[in-house]
Amino acid sequence: VGSTAVCPETGARVGKGEGFAELEWGILSGQGNLDAETTLVVTTVHDEQIVDDIPADSLTRHDVPVDIIVTPTKVIHVPNRVPKPSGVFWDLLSPQKLSKIRVL
């Protein structure tokens, strides 16, 4: 999953800003095509994009944390990953987003 910054302790991440990864996750988990608890989420970032100051409580209920972080120099298995969401949170989708994505 794409990330601009990620916390190695909790897996909290800052995405690319549109929420498409979370929406895809929500659709697939809501359809039963993935298990939110057992499906691994992996991100690739540069070492400089690993930060310790993304508070886990700043995540919204639809944010998908990562289990594994891969950089050019290391692989990090997140020890205290925050819980992953399951399903689509329809109340968080704007009318504009719903009209742009026909499958919804």
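Observations on the model:
- Single residue of 8, 85, 79 found to be closer than 29 Å to residue 98 by Cα and not acidic (Asp, Glu): 85
- Residue check for residue 83: open to solvent by less than 40 Å² (accessible area, probe 1.4 Å) and in a loop (DSSP other than H, G, I, E, B): no
- Among the residues making up the range 68-77, a single one is in a loop (DSSP other than H, G, I, E, B) and open to solvent by less than 20 Å² (accessible area, probe 1.4 Å): 71.
- Scanning the range 29-67 for residues that are assigned to a loop (DSSP other than H, G, I, E, B), among the acidic types (Asp, Glu) and open to solvent by less than 70 Å² (accessible area, probe 1.4 Å) gives 63, 67.
- Filter pass, residue 37 being free of Cβ contacts under 8 Å to residues at least 24 places away in the same chain, among the charged types (D, E, K, R) and more than 12 Å from residue 7 (Cβ to Cβ): no
The values are calculated or read from the model by the stated rules, or taken from the named source; none is laboratory data. Here the structure is a predicted model, which means the values were calculated and not measured. Every residue, glycine among them, receives a Cβ derived from its backbone with ideal geometry; neighbour counts consider all protein chains shown. For accessibility, only protein heavy atoms count, side chains too; no ligands or nucleic acids. Shrake-Rupley method; radii C 1.70, N 1.55, O 1.52, S 1.80 Å.
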